[in-house]
Amino acid sequence: MLEKQKAVQAKVKVCLVGDEGVGKTSLIRRFVSSIYDESYIRTVGTGVSKRDVEMSDEGFIVTMLIWDIMGRRDFIQLFKDAYFKHAKGVMAVFDMTRRRTLDSLTEWVGNVKSTVGDVPTIVLANKSDLEDEYEASDQDIEAAVTDKSFMWLYTSAKTGHNVELAFRELAGEMLKRFTPDPV
């Protein structure tokens with residue numbers, strides 16, 4: 001009888017960044033706990049959640065340590081080195097109903113990359129369930145991400161649309177660059 005080969009485990013730090021109220025905390029709760037809460041909970045400082053993602057094709061289990069970063073840009077400037085140090089991936093989140101939150105993503109991603117370098121980044125166009133209230137178009141998003149070669153997805157923390165897919169895509173991109181720590 002053949003023994004099942006043990007999966008290799010990769011532990012990675014992922015930072016969710018974006019302005020206040022774009023849905024970072026709600027996306028994390030949906031991904032980690034499969035729940036959604038209508039009430040707005042402002043993140044003070046940072047929160048850290050964890051979930052294992054089995055990448056069966058690659059034979060890896062990716063343990064994602066997901067950092068929910070407070071959405072105040074002035075505060076982040078003071079603490080970016082501490083928050084972003086050792087990050088292996090970024091989810092840059094904006095709110096489809098507030099165009100200005102898309103415009104600020106360049107600064108958010110720039111802060112992370114100035115600390116950790118070029119890491120896999122996925123842009124999440126959140127609140128896709130509110131189509132009648134969109135202030136950003138596909139063309140706006142394409143213009144914001146094309147020169148940076150970022151993948152982007154519509155997501156909805158409320159309905160769960162593409163939330164699992166977004167985290168799995170980022171896990172896959174991080175695995176492409178993963179090198180285990182020496183023993």
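The numbers here are math on the coordinates, done by the rules we state, and not lab data. Owing to the predicted nature of the structure, the values given are computational and were not obtained by experimental measurement. Glycine gets a Cβ as well: all are built from the backbone with ideal geometry, and neighbour counts include every protein chain shown.
Points worth noting:
- Mean Cβ count within 10 Å, highest first, over the residues of peptides 132-140, 8-16: 8-16, 132-140
- Phi-derived couplings, Karplus 6.51 cos²θ - 1.76 cosθ + 1.60 at θ = phi - 60°, listed residue by residue for the range 16-29: 9, 10, x, 4, 4, x, 7, x, 4, 4, 5, 5, 5, 4 Hz, with x used for Gly and Pro.
- Computed on the range 59-183, with alpha-carbon pairs under 8 angstrom and 6+ residues apart, the relative contact order is 25 percent.
- Label-point gap, in nm, between Lys11 and Thr146 - each point 7 angstrom along Cα→Cβ: 4.2
- Taking label positions 7 Å along the Cα-Cβ direction at both Glu54 and Glu38, the computed distance is 3.6 nm, reported to one decimal.
- The helix-based estimate of mean residue ellipticity at 222 nm for the chain, built from -39,500 (n - 2.57) per DSSP H run of four or more residues and divided by its residue count, is -10000 deg cm²/dmol to the nearest 500.
- Taking the Cα centre of the chain as reference, the dipole from Cβ charges on Lys and Arg (+1) and Asp and Glu (-1) amounts to some 820 debye.
- Whether the range 118-183 is rounded, prolate or oblate, judged on the alpha carbon gyration tensor where a/c under 1.5 counts as rounded: oblate
- Cα gyration tensor, the chain - rounded (a/c under 1.5), prolate or oblate: prolate
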